[in-house]
Structure formats: structure tokens, C-alpha cells
Amino acid sequence: MTPVRSPGGFPVVGVIGGGQLARMLQPPAVALGVQLSVLAESTDASAALVIPSAPVGGHDDLDAVCRFAAECDVVTFDHEHVPAEVLAALEANGVVLQPSPAALVYAQDKLAMRRRLTEAGIPCPAWAAAYTIDEVVAFGDEHGWPIVAKTPRGGYDGKGVRVVDRATAPDELAEWLDLAVSHRDSGSGPLAGGVLLEVLVPFDRELAALVARSPSGQAAAWPVVETVQTDGVCTDVVAPAPELSAQTAAAATHAALRIAGELGVTGVLAVEMFQVGEQILVNELAMRPHNSGHWSIDGSVTSQFEQHLRAVLDLPLGEPTAHAPWTVMANVLGGDDDRLYPAYRHVMARDSGVKVHMYGKGVRPGRKIGHVTVIGADLDDVRARARHAADYLRGVIDE
Ligand code: ADP
């Protein structure tokens with residue numbers, strides 16, 4: 001369906017990918033009178049359920065993407081999986097892409113990102129690219145075992161990340177190393193640059209610095225948050241990160257703003273980091289609204305979703321200040337029961353301050369299907385309430 005333009009000169013923002021991030025752009029788009037159009041994976045994709053203009057098409061289908069983009073004033077992304085050839089064709093057709101392909105590559109390819117950040121002097125874990133087990137062993141012997149091995153492209157939620165030691169590396173990495181050699185020899189494929197090796201950082205905790213930057217170069221930063229991961233999946237986000245020194249918070253924000261500026265990022269940029277003592281090391285980048293910023297919907301003056309729209313449209317950015325001393329966002333992961341709505345009565349009756357966000361996604365164990373947010377002045381209380389609501393919705397507690 002062709003997007004219907006609102007009268008009054010309002011633009012159409014196209015989003016490639018119909019997941020929950022595209023879906024959560026819709027409330028601020030409605031408020032701003034901006035029309036969204038989403039290229040969705042299917043008619044029942046999370047965003048397609050709430051955005052009237054949601055043609056179905058693959059993000060790697062050149063014709064579908066070009067037809068879709070021709071109807072939009074600006075095109076942005078729900079994920080980083082659009083292939084470079086498709087991005088290049090869109091650019092050649094004059095489509096305005098925010099962020100640009102030149103910036104996006106550093107969110108698509110962890111090796112390119114490591115190389116670029118190292119060049120820019122941004123602190124990262126020690127790393128190398130490998131095609132052979134000898135290179136892997138040499139890296140581990142130099143930096144200490146175990147090490148972390150990653151596929152540079154296509155991973156999410158810890159898929160594509162393996163911790164290996166000297167004894168398990170040959171078996172665990174054989175397949176990736178073989179693929180890397182064949183992708184390198186054929187000149188294409190997600191592992192053409194090699195397998196990414198990193199030291200296993202003995203971090204105290206994980207942080208995320210979320211900033212937004214507009215094409216004109218204006219930038220805004222939210223408070224640095226703590227992200228808590230379980231089995232590679234983010235379960236809770238606390239804003240701001242508790243007991244973070246002003247100096248480390250400033251270093252994290254400064255690194256994120258520098259990355260945004262140096263790489264020419266437009267829209268929201270999430271920089272995932274490890275904290276080791278007072279030091280921060282960058283883990284990875286996302287150039288779109290990010291799970292670590294969901295707290296901002298209920299917890300800050302301008303949510304990451306509104307800010308992303310303002311940024312990609314090159315509008316002046318909004319105030320990122322938090323409403324309360326603490327905000328805790330807890331992800332609702334799929335459990336065994338796929339009937340979610342009946343749980344609302346208890347969650348809402350028990351705590352009228354809990355804000356529930358559901359993504360319209362089918363329940364699969366461990367899948368992110370929604371989140372809850374609580375704000376307040378007492379961190380322990382806010383955290384316990386958010387955790388309770390998320391656990392109850394998941395079905396792991398029943399009172
Ligand atoms: P994905 O792209 O799948 O989210 P990440 O690179 O963010 O993968 O890694 C997922 C998780 O694995 C991180 O959040 C962190 O907990 C852990 N991890 C990744 N790299 C390292 C590392 N070098 N040292 C220690 N832990 C790591």
C-alpha cells in the first residue's frame with residue numbers, strides 16, 4: 001500500500017524491516033504527524049500490525065527495496081542486515097539513507113568496526129582476524145585463554161559469539177575458519193574478512209551509551225545505562241548506570257559522541273561497552289534505536305524513537321533528560337504460555353506504575369516479545385517492580 005501523505009508538507013519516513021523497533025517508531029510518528037512506511041517481512045510482522053503502509057518484501061530483494069524507497073522521503077532501518085549491494089543501488093537512485101551506507105558498515109561488520117575504532121583511538125578489547133587455527137592459537141597464547149571468537153556479520157543476541165579455550169578451539173572454530181577461507185577465496189560472504197578474535201574481557205559490568213546525531217551535526221546524549229545480560233540476551237537496563245563515577249560516565253558519553261561524529265552516524269547510535277574498573281572498552285555499535293534505550297519511552301523527555309525520527313529528518317533534537325532518578329526496563333522474554341493478555345489483569349492491579357509494552361510477536365521461549373518500565377526514586381524498589389512484572393508476564397512466577 002502506498003503511504004498516504006498527511007496534508008501540510010509532512011514527510012514519509014521509510015523503515016526497512018518490520019520488527020519491534022519499527023513498531024515503536026509509530027507512536028512518536030503519529031504525534032509528530034509524520035507518516036511511516038515499513039518494508040515488512042510478512043503481514044503479521046510486529047510493525048506491520050500497527051503501521052497501515054507496510055508492503056511485504058525482503059530487505060535483500062533489490063526490486064522490492066527500490067520500489068519501497070521510491071515512495072519515501074528518507075529511509076532508515078530496523079536492523080543492520082540490508083546487503084551492501086542493495087544500499088549502493090538505493091544511494092545511486094538518489095534515495096536519502098539515514099544512516100548512510102558509509103556509516104552503517106561499522107554496525108554491520110564487527111571487523112570493519114574494530115579496525116575503524118582502533119584507528120580512531122577508541123579503546124576496544126585486543127583483537128585480530130583469523131583464517132587458520134594456527135592464527136587462533138597464536139592469538140590465545142599471546143593474550144591468554146580463553147578467547148572470544150565472533151562471526152563479523154549477521155550475529156545478534158550472542159548468536160555468532162563463542163568462548164573457546166586452547167583445547168576446544170580446533171573443534172569449535174573449524175567450521176567458521178573453513179567458511180572464512182572459502183569466503184575470502186571467492187571474494188564474498190560474511191566471513192570474507194576472517195573470524196574476529198577478541199580477548200575475553202574480565203568486565204565488572206556492561207554499559208551502553210546512547211546518543212543521537214542529525215545530518216547537520218547536532219548531537220544529544222542520554223544518561224549512560226547499565227545493561228544486564230543473561231545467556232547473551234539483555235534482560236534488564238538500569239538508567240542511569242548505578243554508582244558510575246562522573247568521570248567514567250563522561251568518558252563513555254564522550255566516546256559515543258566521538259564515534260557518531262567520526263563515522264558520520266545519523267539517527268540513534270548505541271555503543272555497547274564493557275566497564276573494567278574505571279576503564280571502558282567498546283564492544284559493539286548499533287545505528288538505530290536499541291534495546292538499551294527502551295527505557296527512554298517512559299523515562300525521558302524525548303524517547304529514542306522520537307529522537308531517531310527527528311534526527312533522520314534533520315530536525316532539531318529533543319531534550320534527553322530523565323524524568324526520575326531511576327528508570328528500570330526489563331525485557332519480557334517468551335515463556336511456555338503463549339496467552340499473554342490474561343496476565344495483564346494481575347500485573348496492572350498489583351502495580352499501577354508499571355508501563356507495559358508488547359510487540360505483537362508470537363511467543364517462542366527466550367524471544368524478546370515486550371518490555372516493562374518502572375520509574376522512581378528508590379532503585380531497589382523500581383528494579384524489583386520491573387522484574388516482577390516481566391517475570392509474571394513470562395509466566396515464571398504466578399503471584
Ligand atoms: P551480538 O552482536 O550477538 O549481540 P556481542 O558482540 O554484543 O554479540 O556479544 C554478546 C555478549 O557476549 C556481550 O554482551 C558480552 O556479554 C559477551 N561478550 C562479547 N564479546 C566479549 C569479550 N570480548 N569479552 C567478554 N565478553 C564478551
key: Every residue from region 283-337 that is out of contact with any helix residue (DSSP H, G or I) (no Cβ under 7 Å at 6 or more places or on another chain), of a type in the set (A, V, I, L, M, F, W, C) and buried (at least 24 other Cβ atoms within 10 Å of the Cβ)   = TRP295, ALA311, VAL312
request  = Answer yes or no: is there a residue in region 58-67 that is in contact with a helix residue (DSSP H, G or I) (Cβ under 7 Å, 6 or more places away or on another chain), closer than 18 Å to THR266 by Cα, surrounded by fewer than 23 Cβ atoms within 10 Å (Cβ to Cβ) and not hydrophobic (A, V, I, L, M, F, W, C).
outcome  = no
task = Please work out which one of (1) part of a loop (DSSP other than H, G, I, E, B); (2) in contact with a Gly (Cβ under 8 Å, 6 or more places away or on another chain) is the condition HIS357 fails and give its number.
result = (1)
request  = Can you run down the residue pairs with Cβ atoms below 6 Å, 6 or more apart or on separate chains, where the first is in region 267-281 and within 8 Å of LEU210 (Cβ to Cβ) and in contact (Cβ under 8 Å) with a residue 60 or more places away in the chain and the partner is among the hydroxyl-bearing types (Ser, Thr, Tyr) and surrounded by 21 or more Cβ atoms within 10 Å (Cβ to Cβ)?
outcome  = ALA270/SER292
request  = Can you work out which of the residues in region 362-376 that are of a type in the set (D, E, K, R) and not in a strand (DSSP E or B) is farthest from the chain's Cα centre (by Cα)?
outcome  = ARG364
ask   = Can you name the condition, by its number, that TRP145 falls short on among (1) closer than 21 Å to PRO202 by Cα; (2) surrounded by fewer than 16 Cβ atoms within 10 Å (Cβ to Cβ); (3) more than 10 Å from the ligand (Cβ to nearest atom)?
value = (2)
remark   = Note: among THR118, THR132, just one is among the polar types (S, T, N, Q) and either at pLDDT below 95 or farther than 25 Å from MET273 by Cα (or both), namely THR132
ask   = Give me the pairs: first residue in region 336-361 and more than 17 Å from ARG385 (Cα to Cα), second residue surrounded by fewer than 15 Cβ atoms within 10 Å (Cβ to Cβ) and basic (Lys, Arg), beta-carbon distance under 9 Å, and six or more apart or on different chains, which are they?
value = ASP338/ARG364
All positions within region 109-134 that are in contact (Cβ under 8 Å) with a residue 24 or more places away in the chain, more than 12 Å from the ligand (Cβ to nearest atom) and of a type in the set (D, E, K, R) = ARG116
key: Single residue of ALA112, ALA54, ALA47, ALA88 found to be of a type in the set (Gly, Ala, Ser) and over 22 Å from the mean Cα position of the chain (by Cα)   = ALA88
ask   = Pairs, please: C-beta under 7 Å, at least 6 apart or cross-chain, first residue within 16 Å of the ligand (Cβ to nearest atom) and in region 156-185, second hydroxyl-bearing (Ser, Thr, Tyr)?
value = GLY160/THR151; TRP176/THR151
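Residue-wise test of (1) out of contact with any Asp or Glu (no Cβ under 7 Å at 6 or more places or on another chain); (2) within 16 Å of the ligand (Cβ to nearest atom).
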{"site": "VAL233", "(1), (2)": "no, yes"}
{"site": "SER245", "(1), (2)": "no, no"}
{"site": "GLY264", "(1), (2)": "yes, no"}
{"site": "GLY267", "(1), (2)": "yes, no"}
{"site": "GLU278", "(1), (2)": "yes, no"}
{"site": "ASN283", "(1), (2)": "no, yes"}
{"site": "SER300", "(1), (2)": "yes, no"}
{"site": "ASP338", "(1), (2)": "yes, no"}
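Would you say VAL224 is within 16 Å of the ligand (Cβ to nearest atom) and farther than 30 Å from GLU142 by Cα?
yes
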note = PHE203 passes all but one of the listed conditions (1) closer than 26 Å to VAL137 by Cα; (2) touching a helix residue (DSSP H, G or I) at 6+ places or on another chain (Cβ under 8 Å); (3) within 15 Å of the ligand (Cβ to nearest atom); (4) among the hydrophobic types (A, V, I, L, M, F, W, C); the exception is number (2)
query = When both residues are 6+ apart or on different chains and their Cβ atoms are under 8 Å apart, which pairs have a first residue that lies in region 217-229 and is at negative phi, and a second that is among the β-branched types (Val, Ile, Thr) and within 12 Å of the ligand (Cβ to nearest atom)?
reply = VAL228/THR235; GLN229/THR235
note = Going through region 39-62 in order, the residues found to be among the acidic types (Asp, Glu) and farther than 21 Å from GLU80 by Cβ are ASP44
inquiry  = It is to be established whether one or more residues within region 372-383 are buried (at least 17 other Cβ atoms within 10 Å of the Cβ), closer than 19 Å to SER46 by Cβ, touching a strand residue (DSSP E or B) at 6+ places or on another chain (Cβ under 9 Å) and modelled with pLDDT of 95 or more.
reply    = yes
Matching residues, region 241-265, being crowded, with 18+ Cβ neighbours inside 10 Å, assigned to a loop (DSSP other than H, G, I, E, B) and more than 17 Å from the chain's Cα centre (by Cα) = ALA241, LEU244
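What do you reckon, is THR76 among the hydroxyl-bearing types (Ser, Thr, Tyr) and under 19 Å from GLN307 (Cβ atoms)?
Yes.
The values are calculated or read from the model by the stated rules, or taken from the named source; none is laboratory data. Everything quoted here is computed from the prediction, not taken from an experiment. Cβ: placed from backbone, ideal geometry, glycine included. Neighbour counts: every protein chain shown.
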